[in-house]
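Some notes on the structure that comes next.
Values in this text are rule-based calculations from the coordinates and carry no lab data. The shown structure was predicted, so the numbers you read here are calculated from the model rather than taken from an experiment. Reconstructed Cβ throughout: ideal geometry from the backbone, glycine too, with neighbour counts over all protein chains shown.
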Amino acid sequence: MKALIIDSTADRLIVAGINGDREEVFVGDSGAKRHTSAILPAVDDVLSKLNMAASELNCVGVVVGPGSFTGIRIGVATANAMAMACGAHIVQITSLEPILYGIDRGLAMLDCKHGNYYALARKDGKDEYLALTEKEALELGLPEYFINGPMPEKLLAVFKDKAERLEFCETARPFYIKKSSAEML
């Protein structure tokens, strides 16, 4: 497999590449507001270290949310453009899936501030995405897991599993658990 994976939903940009059995990962400096200017140089760097041209990609993975509104859009647009230019498959990943990778029962949580969370609840073989408060999270009675910095190894593992299961889409789309204020009007 020749693949590129992009996560621009959080404070640190992650760009990972796979060329056969070789992997390369770039984790950017803290500062989500720099993703626009950092993403293409990071892609070039990862592909260069793997001795691979973008035209060789057969799969592009992208984290589609939840996370930074602008960051989600930067990653999705970049992944879609690269996949279209290369004729590559697209794999969508949520930012919460890597947190629960290898865990059968739990609640992956992303802090939205003021006691609110976006969450992925996994139990009884089913996944459910939720917007909830601290109290509601406790009431679920699931072990809680939080994003605690970049997790490129788990991101790569989720990507590989989805690619192996051929979970491809034509076009990546941003994933928002809650509608924006503008959409609610």
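Given charges of +1 on the Cβ of Lys and Arg and -1 on the Cβ of Asp and Glu, with all other atoms neutral, how large is the dipole of region 98-146 about its Cα centre, in debye to the nearest 20?
60
Name the helices (complete DSSP H segments) of the chain with a Cα length along the long axis of 24 Å or more and a Kyte-Doolittle mean of at least 0.5, or state none.
Helix filter hits for the chain: 69-86.
Springs between alpha-carbon atoms under 10 Å, Gaussian network over the chain: tell me which of Leu47, Leu130, Leu100 tops the mean-square fluctuations.
Leu130
Give the cross-link partners of Lys135 among the aspartates and glutamates, using a straight C-alpha distance below 14 Å as the criterion and excluding same-chain residues fewer than 8 apart.
Partners found: Asp111, Glu144.
Among [x] 9.3; [y] 10.3; [z] 10.9, only one was calculated for this model; which label is it, if the read-out is mean projected area of the Cα convex hull in nm²?
This structure yields the entry labelled [z].
Taking 8 Å as the Cα distance limit and 6 or more residues as the minimum spacing, I'd like the relative contact order of region 98-146 as a percentage.
39 percent.
Quick check on the exposure proxy: order Phe168, Phe159, Phe175 from fewest to most C-beta atoms within 10 angstrom.
Phe168, Phe175, Phe159
What FRET efficiency do you get for Asn148 and Ser55 if R0 is 35 Å and r is their Cβ-Cβ distance, rounded to the nearest 0.05?
According to the calculation, E is roughly 0.45.
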